[in-house]
Structure formats: C-alpha cells, structure tokens
6 protein chains.
Amino acid sequence: MEERQESPATVLITRRETFSAAHRLRNPAWDDARNERVFGKDARAHGHTYTLEVTVKGQIDPDTGMVLDLRDLRDLIRRLIIDKTDHADLNADVDFLQGQLPTAENIVVACWRQLAPALGSGQLHRLRLWESENNSVEYYGE
Amino acid sequence: MEERQESPATVLITRRETFSAAHRLRNPAWDDARNERVFGKDARAHGHTYTLEVTVKGQIDPDTGMVLDLRDLRDLIRRLIIDKTDHADLNADVDFLQGQLPTAENIVVACWRQLAPALGSGQLHRLRLWESENNSVEYYGE
Amino acid sequence: MEERQESPATVLITRRETFSAAHRLRNPAWDDARNERVFGKDARAHGHTYTLEVTVKGQIDPDTGMVLDLRDLRDLIRRLIIDKTDHADLNADVDFLQGQLPTAENIVVACWRQLAPALGSGQLHRLRLWESENNSVEYYGE
Amino acid sequence: MEERQESPATVLITRRETFSAAHRLRNPAWDDARNERVFGKDARAHGHTYTLEVTVKGQIDPDTGMVLDLRDLRDLIRRLIIDKTDHADLNADVDFLQGQLPTAENIVVACWRQLAPALGSGQLHRLRLWESENNSVEYYGE
Amino acid sequence: MEERQESPATVLITRRETFSAAHRLRNPAWDDARNERVFGKDARAHGHTYTLEVTVKGQIDPDTGMVLDLRDLRDLIRRLIIDKTDHADLNADVDFLQGQLPTAENIVVACWRQLAPALGSGQLHRLRLWESENNSVEYYGE
Amino acid sequence: MEERQESPATVLITRRETFSAAHRLRNPAWDDARNERVFGKDARAHGHTYTLEVTVKGQIDPDTGMVLDLRDLRDLIRRLIIDKTDHADLNADVDFLQGQLPTAENIVVACWRQLAPALGSGQLHRLRLWESENNSVEYYGE
C-alpha cells in the first residue's frame, strides 16, 4: 500500500485464550506418601481457570498489514487446544497430555507441540500459561 | 482521636481471596442424558481459579479508624472457606458443600452460611464469587 | 437435591462481554462551534473497546442450582447486543441506537431496552458499561 | 435529540483515579506497645498505590446525553483529592486528613466530605477506595 | 551515592499509556468484495481503547538512580503519540500513519519510528500495543 | 513418567508477590533545591503497592514435571524480599537497600542481588517490578 524500500518489519502478535480444567499431580511410580510429600496439596484433585498467551513472530505482509490474521490464530488455538482442555480433566481427557503429569510446565510444552506444526516454520515464538494471577510459565521451544 | 459530634460513619470493607478447585455439575436424580442436556460441558470434571470478595458493613471505631481489622477478616475467610476449598474437589471434599450441586450460585450461598455466624449480627453485607473473568455471582443473604 | 425448608436464595449473576466500536458525539441541532465547545475531542471520530457487564437477579432453581444458565445469558447478550455493536460505528450502524447520541449513558440505557424484554419480568438488575479502565456507567432501569 | 415521552433515565457514572501515598497507623492517645498490638505492621511507615472510584448519580441531560461530563468529574477529583494526596504523606501533608488516623475507612469518608459539597445536591453516590488488589472500602455517605 | 566498583546495571523501564481511536481496514488497491473477504468485519469502521507500553533500555545513572525519568518518558509518549492518536480516526487524522493500513502491526511500527529518534541511540527497546485484552503486538525495531 | 528421548525442555516459571512500602527520592550529596529540581514530587515521602514478578529458568525435572516448586519459590521471595519490604520505609528499614536511592531501578537490582545467590547457578532469569499500573522496570542481571 505504501512505498517502502526497506524489507518488511518483523512483529510479534499475541492471542490470549482461557480454559477451565481440573487436574492433580501424582507420579504413578511413587507411593501415596511420596506423592503427598513432593506435591503437597497439588496431589489432590483441584482446578484452575487457565490463561494461555500464544505469540507468533513474522514479517508484516504489505498487502494486509498483518503478520497473521488474529482471527485465524484464535481459531487454530481453539481447535487444537481450547476445545480439548476447556471443561476437561487434564489427567484423563486430553489426548495430547496422555502419560504426562499435568504441571503447568508440562502443559505449556505439550501445547507447543500441538501448535508449532500447524504454523509456518519458525513462526511460533512464545507460549505463556497462567494458572492463577500469581503463577505462570513461559516456553520458547528450546 | 478527632472531635466529631456526628455518629461514626458506616463503611463497607471488602477482602478478596482466591482458591483453586475442581467441580462438575451433575444432579444424581437424573440420568446421564438429562445431566448432559442441562449442564452441557459443565457435567464433565473441570475446575476454576475462583475469586471470593467478602464485604462487611459496619461503623468506624473512633479509636482504630477501622470497621474491622482486615487482617482478622482475612484470617476468618481463610479458616472458614479457603482452607477447605483451595486445592479441593468441590463435589467431594468440602464439608459445607455436602449434598449441594457446586454451581457458583450454590457455592456463594454456602459461603454466606459459613461466614455470617462468625461475624457480628448484620455485619456480612455481600459476597461476590468469580469463576472466571467473565462469570460471577453475588449474594446479599436474602 | 438437598432438603431445604427455606425458600430458594436470591442471587445476582453477571456475564461480561466486550465489543469494539467507533463513535463520535455530535448534536445535530447545534453548529460545529457549540459541538466542539460541549464535547471537546469527543466530537471527533474515535472508538473504544467497550466492556458490558449484564447482571440478572433471580432465585436459584433447586434442580439445576442456577438462576439462569450463564451460557444462555451469554448467547442472549451476543445476539441482542454484541452482534450489532462489535466492529460497528455506533453513530450509524446499530438499529437500537438510531437517533441517539452514543454517549456511554445513552448506550447503557439502550442496551437495557434491548435486553429487559427478552428476560423474565424483573430479572434484569444492573448493566455496567466500561469505555476505558477509568470511565464507566451503570444503569438499574430507573 | 430524540422524542422521548418518558422522563430522562437515571444513570451512575464512575471515574477512577490513582494516587501514591505514604501512611502509618498510630493513635497518639496510646503508648507504643498498644499501637503495635492494635495496628501490627500498619504502625510502621509504609505506603500504597491507592485507586479511588468516584460514582455520581443523576439524570441524563437530553441535549448532551450525559449525566455530567466525565472530564469535569476527573478535573474535580484531581483538584480536590489527587493533587493533595498523590506523592504525599497522609499522616502529615493532607489538609483534609488533619487529625485523622489515615485508615482506608477514614480516608474514604474524608474524600466524601471533600467531594460532596462541590457536586450538586445528592449527586455523589458512592466512593470506593482500593489500598491493594485485595483490600478495599466503600462509602455511601451514611 | 554508594560505592560500587562494578559498572552501572542495565535496566529496562516501561511506561504504559492509553488512547481511544477509530479505524477500519481497507486496502484501496482492492475492490469491496476482496476487502470484505480478507478483513471481514475489520473492514467496517470500529474502534478500540488501545494500550501502548513503551520500554527503554539503559544504564542506571548513579546520581539519580534512574535510567530515564519516567515523567520525561511519559511526556515524550504523550507529545509524539497520544496527542495525535487519542480521540482520532487512525485512517485519516494521524500524520505518522498517512498511507498506512492501520493494523496493530503497522501502528506499532509507526510508533517506533516516531519515538526512536527522540530517544538516545539504542535506547528504545520494545513497544507493545494492546487492541483488546485478548489481542496484542510487540515490536523490537527489527 | 513418559519415555522421551529428547533432553528435558527449558521453561521459565514466574511467581508474583506484592509489598506495600513508603519511599522518597533524595540524594544526600545535593541541597534541597537540586533534589526538588531533579526528583520533583518524588522527593516527598510517598508510597506504593509494589508488585514483583520473579522469573526462574530451568529444565523440567522428569520426575516432578517442574522446574522448581512454585511454593518453594514463593517462600524464598517472601523470606528474602517481602518480609523485609512489606509495610516498610524503603529509605530506612530495609537492610539490602542501605545507602541506595530507592528508585524502582535500584530496588529491582538490589532484589536480584538478594535472590540470585539463593537460587542455583544461572537460574534467576528476570525480575519485573511494578510501582503502579503504568510504571515498571525489568532487570536481567546484566
């Protein structure tokens, strides 16, 4: 639309979605006492209203002024993550979490493996997952 | 401390606390199909990071400048509500929710019945419970 | 579900939705100078990410533990308000705002007139509309 | 602007402002031990980023679509409250708090006495003061 | 003020400002059908309450304990960005957006070009622009 | 718990805590006029409700699914930072701020020096300190 000699700028875009899920932390290789000692009250069934922030990095398309249509990103996140995790038990119901302890750390890495192949190469830049207003994790694919 | 002829002002004070809990909505008098039809995905085990706002109404004590010490209110909420609901399954673990469908509406009324007798007569004014940033309920004891 | 002698409790439930809209404040009965004097920079086209909180008051249904299914309330708000106001020009595009100066005050009253007839008698209790984190209006139907 | 037979609707408008202030709680009629026992760590100098929400109630002016211009309300709050309390020591620097223990309760009542006479009769409806995200007080002039 | 042998620490400071603006997305090289297909409801006039976070990186000045006075940074942002974009139509009124599709991506890059020359070399580190609580973009000048 | 050939993922975890403190900015090497000129109203005693976000970087432990137990991180922050700064005068009461101008920049660097030695080598990744919703600083230990 405008005449710019420079190559297009590289911008990060972020979409935020939420899901409500139950989970508990329990390592099946351990007995109850050890699980209780390591995980404390996290060993009991409880839940969170999770917030997931998905950040994609790319150059601005000069025709649309966008890196990626945020509505497309929203739809992708909902299809691959939210439809599976919202109103679910993260210990039992979510295919991409099978066999995983559903800690915030493991969830965020599993979400990365869900989303990265569906985006163009190198596009997924950062995931941030909030369990509560005080606790969050970030993952950059490393 | 100051010389005021008027009677002390009446002020509302509010303390906010959070708890993380699992729940599901299921009426045991109904079959699965009806539960699924009425409660939709709420019939599945899931969870929330709940926020509870407790509001107490009273006159300012001229000696302390306070209606009630907010630390005492905080300790009361933690002892009667948070210690029982945080990292719990609201369908099974909480004594004051036994036999109740743990909807936000029923939870907020049950919290009122826990807190009101522990406060002076007429002091508890309002409870507000947030299940998520978009959904909340309020109860005034009526 | 439980045996309660008392009549069901009366609870307020609130659903929050957002919409992004353009508007400007201009009274067609006035000349430009007077519009500029009264409305200042609000006389120029600008916009807001509005947040609308809809509060319904009712008794808890003993079978469902709910006043009203929050998903039904959400769908009603989206159909009657958000689908018409989101990504719209409030001075031109919204049927229920025709002939109105789209101030926050007039918008909140117009939303009430949209929503109240679609809910049971006396159910709509409060609307709160946020134009920004610092400015909001409330309406109770009076 | 529009032809409405009914009398104008009554709406509440709220403006939010913040101020950063130091304070400590100490009753000069008491010795140190009693102050420490009653006020705990609040007896020590500390501070808060306070948020004040000022709510005015009135009928919508049919010509402007407003109860009160929110910019005028903002300017009034800044002149009567924020200019005096922001970056101030609430125990020493604020004229309208002289001789008061600067608890949240006393501050909110003192703010009411500052603001109410400057607004039309019966217009000031509610003040809410937040000391932190977890603690707040409300006053309705009673 | 203190005796430190090490060189001063490098810190990032961030100032947040908001502006309310109208915009629509339309590429003048395309016909209506294509604009509608690409931009959907963003092709219609609407608006947002934008939040801009400006982050500057620098060493702490040992005399002031500051990287840059946050009030000076605030004044700079207001003069170069907010005074031009607040209560404006981003498609027509803003000099530094002329000839640009006002997507969040293009706005954040244009803001960078406004701010970077006014700050010392290499000082501007990051801009983050929020269109809504769910959508944001970041730019690092690359 | 699961069979993964790859080395464990590296994740950032963040814990947020708050403290309420008084401070004033004054360089003792300067006279009052110069302090007033440089620091403006920050030269007067005032205070903030500070928010501190502590981010630790590490590999996920395959047995616990965690980088570090967030409760341990919370306890460490409370013991080393919050117990000393909450309800304190940052100019006088805090051992790790002695001889420092308590600007946000200097506080965040001092917090780093408190926390880094108590964590494993290279674990502390980022500190972010908010003085208000509009002003914040970040430090990465450089």
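Some notes on this structure:
- Contact order relative to length of the stretch B:56-138, as percent, for alpha carbon pairs under 8 angstrom and 6 or more apart: 27 percent
- For the stretch F:52-106, the square roots a ≥ b ≥ c of the C-alpha gyration tensor eigenvalues yield an a/c of 1.5 or more together with a/b exceeding b/c, which makes the shape prolate.
- Principal axis dimensions, largest first and in whole angstrom, of the stretch F:81-120 by Cα: 30, 20, 14
- Cβ charges +1 (Lys, Arg) and -1 (Asp, Glu), total dipole of chain E, debye: 420 debye
- The translational diffusion coefficient of the stretch A:22-81, from Stokes-Einstein at 37 °C and 0.692 mPa s with a Kirkwood hydrodynamic radius over alpha carbon pairs, comes to 216 µm²/s.
- Take C:R34, move 7 Å from Cα toward the beta carbon, and the resulting point lies 4.7, 5.9, 6.5, 6.5, 8.3 nm from the same point in each other copy, nearest first.
- Principal-axis tilt of helix B:104-115 within chain B, Cα atoms, nearest 10 degrees: 40 degrees
- Cα principal axis extents for the stretch C:103-142, largest first, Å: 32, 15, 14
- Computed FRET value (nearest 0.05) for A:A29 with A:R71, which takes r as the C-beta separation and R₀ as 45 Å: 0.55
- Residue by residue, the stretch B:129-142 carries 3J(HN,Hα) couplings of 10, 9, 7, 7, 5, 9, 10, 8, 9, 10, 9, 10, x, 9 Hz when phi is fed to the Karplus relation 6.51 cos²θ - 1.76 cosθ + 1.60 (θ = phi - 60°); x denotes Gly or Pro.
- Peptide ranges B:124-137, D:115-128 listed from the most packed, as the mean C-beta count within 10 angstrom indicates: B:124-137, D:115-128
- Charge-dipole axis of chain D as Lys and Arg at +1 and Asp and Glu at -1 on Cβ define it, positive-most pick from D:F19, D:P8, D:A29: D:A29
- In the protein assembly as shown, inverting the average of 1/r over every pair of distinct C-alpha atoms gives 28.9 Å as the Kirkwood radius.
- Pairs with C-alpha atoms separated by more than 19 Å, drawn from the list A:K41/B:K84; C:K41/E:K84; A:K84/C:K84; D:K84/F:K41; A:K41/B:K41, are A:K84/C:K84; A:K41/B:K41.
- In straight-distance terms, cross-link reach from B:K57 covers every one of the aspartates and glutamates whose alpha-carbon lies under 15 Å from its own, apart from those fewer than eight places away in the same chain; here that gives B:D69, B:D72, D:E105, D:E138, D:E142.
- With semi-axes defined as the square roots of five times the eigenvalues of the C-alpha gyration tensor, the equivalent ellipsoid of the stretch A:6-136 measures 34, 13, 13 Å, largest first.
- Inter-copy separations for E:D83, label at 7 Å along Cα-Cβ, nm, ascending: 2.1, 4.6, 5.1, 5.1, 5.9
- For the stretch F:1-67, trypsin sites (Lys or Arg not before Pro) meeting the loop criterion (DSSP other than H, G, I, E, B) and having at most 14 other Cβ atoms within 10 Å: F:R4.
- Gaussian network model of chain B, Cα within-10 Å springs - most flexible of B:A92, B:A33, B:A22: B:A33
- Using a cutoff of 8 angstrom between alpha carbon atoms and counting only pairs six or more residues apart, the relative contact order for chain A works out to 29 percent.
- Shielding of B:19-32 by partner chains, average beta-carbon count, 10 Å: 4
- Average accessible surface area per residue within the protein assembly as shown, 1.4 Å rolling probe, Å²: 40 Å²
- GNM result for chain F, Cα springs below 10 Å: residue of F:I77, F:I60, F:I13 fluctuating most strongly: F:I60
- Teacher prompt: C:Q98 distances to equivalent labels in other copies, 7 Å Cα→Cβ, nm: 4.0, 5.7, 6.1, 6.1, 7.6
- Protein heavy-atom surface of the stretch C:51-111, 1.4 angstrom probe: 41% of the accessible area is carbon and sulfur, with nucleic acids and ligands not counted.
- Counting only DSSP H runs of at least 4 residues, each contributing -39500 (n - 2.57), and dividing by the residue count of chain D, the helix-based mean residue ellipticity at 222 nm comes to -5500 deg cm²/dmol.
- Cα-projected label distance for F:D61 with E:A118, points at 7 Å along beta-carbon direction, nm: 5.0 nm
- Spin-label pair E:F96/F:R79, simplified geometry with 7 Å Cα→Cβ offset, distance in nm: 4.8 nm
- Nearest to the axis that brings chain E onto chain C is this chain E residue, judged by its Cβ, with the distance in whole Å: E:G47, 0.
- Note on the stretch D:28-96: with charges restricted to the Cβ of Lys and Arg (+1) and Asp and Glu (-1), its dipole about the Cα centre is near 240 debye.
The values are calculated or read from the model by the stated rules, or taken from the named source; none is laboratory data. If you're wondering where the values come from, they're calculated on a predicted model, not measured in any experiment. Cβ sites come from the backbone with ideal geometry, for glycine too, and all protein chains shown count toward neighbours. The accessibility values were calculated without ligands, DNA or RNA, using every heavy atom of the protein model including side chains. Shrake-Rupley method; radii C 1.70, N 1.55, O 1.52, S 1.80 Å.
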